[in-house]
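Asks: Mind looking over this structure? Questions follow.
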Amino acid sequence: MRATAIAQPNIALIKYWGKRDVARNLPAVGSISVTLRELYTEMRVHLDAELPADSLTVNGKENSAMLWRLGACIDRVAGETRPRVDIASRTNFPIAAGLASSASAFAAATVAAAAAAGRSLSLPKLASLAGRASGSAARSLCGGFVELTNTPDDVSVRTIAAAGEWPLQVIVAITEAGPKAVGSTAAMEASRKTSPFYSSWVEQQAHDLDIARQAIDARDFEQLAAIAEHNCLKMHSVMWTSRPPVVYWNSATMRCLQAVRDLQAAGLGVFFTMDAGPQVKVVCLPEHAKAAQASLVAIDGVTEVMVSTLGEGARLVEPK
Ligand code: PMV
């Protein structure tokens, strides 16, 4: 009863922010993301009644903080009467810092736990289970450009364009490697309850999704850039106008945004997006990625820059 899966984080271009059902972790809005290729989480799940207790290691170190959330995810996949579990996770990027580490972790955990428990699950079932653990995790089940849609009682995910069909690149500029100050669930609830902009955010999402989908279908980079930046800034406006305010940005975040504006003014195909953290993600046409990377590396306060192409969805590596 052992299995290992790999999943990549995804970066939302049209964002998920807010829940329509907190208990079932159902998002208030649909979203569109790109799955990355070079960043990964590998999750090894070993179910065994002989184990003394559930345990988790992250990059070789014991981690009890994340154990209850991963344990609950594995309960939902393998059943609450499951044997004890030993989970070993490896990742090549900072976790809990607004880099979608929960997306890749829970997508990989869901796929590995299903295989370890001997369950063969359909994509809708996997999406439902991964989504219960982390709203963005369901998107990491698929590769390329991925749309998450709200169904009456759940969520569904599908690839709208495969990675190779529009080979954009994503540069991640790390401006702070530590864990984020406010977790996304608490911040989303603060926004839903207190931001005066929350209801317009939810109402306008279907329109933003339509525009982004059309841009992806037409491979129209300018249209995608305009709607993705707008949607990102709207999400952050909702965060900023929550009480207490939720502000993930720092001064290096602002310098990165200015650098993106300068690159755009010079005619480069680049746009920014940001999530629940101070890191800036820059989506680029492949021919402009080198120049964008050079400009971000030189920014005061940027501690690391990672470049990724687009990749596949979560998959089992053992057993094959
Ligand atoms: O899946 P969660 O609970 O970590 O929510 C993440 C939400 C954002 O990253 C801010 C936006 C998104 O759609 O990924």
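Asks: Out of everything in the stretch 7-16 that is part of a loop (DSSP other than H, G, I, E, B) and within 13 Å of the ligand (Cβ to nearest atom), what residue ends up being surrounded by the fewest Cβ atoms within 10 Å (Cβ to Cβ)?
Replies: Y16
Asks: In the stretch 47-78, what residues are buried (at least 17 other Cβ atoms within 10 Å of the Cβ), assigned to a strand (DSSP E or B) and either among the aliphatic types (A, V, I, L, M) or out of contact with any Leu (no Cβ under 9 Å at 6 or more places or on another chain) (or both)?
Replies: L47, L56, V58
Asks: Can you name every residue in the stretch 129-178 that is charged (D, E, K, R) and touching a Pro at 6+ places or on another chain (Cβ under 9 Å)?
Replies: D154, E176, listed by residue number.
Asks: Okay, next question. Can you pull out every residue in the stretch 17-31 that is assigned to a strand (DSSP E or B) and near the ligand (Cβ under 9 Å from one of its atoms)?
Replies: Within the stretch 17-31, K19, P27, S31 qualify.
Asks: Same structure again: Take the residues in the stretch 250-268 that are small (G, A, S) and surrounded by fewer than 19 Cβ atoms within 10 Å (Cβ to Cβ), then tell me which one is nearest to P167 (Cα to Cα).
Replies: G267
Asks: Any idea how many residues of the stretch 237-249 are under 24 Å from P9 (Cβ atoms) and buried (at least 20 other Cβ atoms within 10 Å of the Cβ)?
Replies: Qualifying residue count, the stretch 237-249: 4.
Asks: For the stretch 137-154, how many residues are more than 11 Å from the ligand (Cβ to nearest atom) and assigned to a strand (DSSP E or B)?
Replies: Adding up the residues that qualify gives 4.
Asks: Can you go through T41, T4 and tell me which one is within 16 Å of the ligand (Cβ to nearest atom), over 14 Å from N150 (Cβ atoms), touching a Lys or Arg at 6+ places or on another chain (Cβ under 8 Å) and not small (G, A, S)?
Replies: Matching residue, one of T41, T4: T41.
Asks: Right, something else. Of the conditions (1) of a type in the set (D, E, K, R); (2) more than 14 Å from A7 (Cα to Cα); (3) buried (at least 17 other Cβ atoms within 10 Å of the Cβ), R44 fails just one. Which one is it?
Replies: For R44, the exception is condition (2).
Asks: Taking into account only those residues within the stretch 249-287 that are within 18 Å of S308 (Cα to Cα) and modelled with pLDDT under 95, which is nearest to the ligand (Cβ to nearest atom)?
Replies: For the stretch 249-287, the residue satisfying everything is D275.
Asks: If I go through the stretch 171-212 residue by residue, how many of them are within 16 Å of the ligand (Cβ to nearest atom), touching a residue at least 24 places away in the same chain (Cβ under 8 Å) and in a helix (DSSP H, G or I)?
Replies: Final tally of qualifying residues: 17.
The values are calculated or read from the model by the stated rules, or taken from the named source; none is laboratory data. The shown structure was predicted, so the numbers you read here are calculated from the model rather than taken from an experiment. Heads up, the Cβs are rebuilt from the backbone with ideal geometry, glycines too, and the neighbour counts pull from every protein chain shown.
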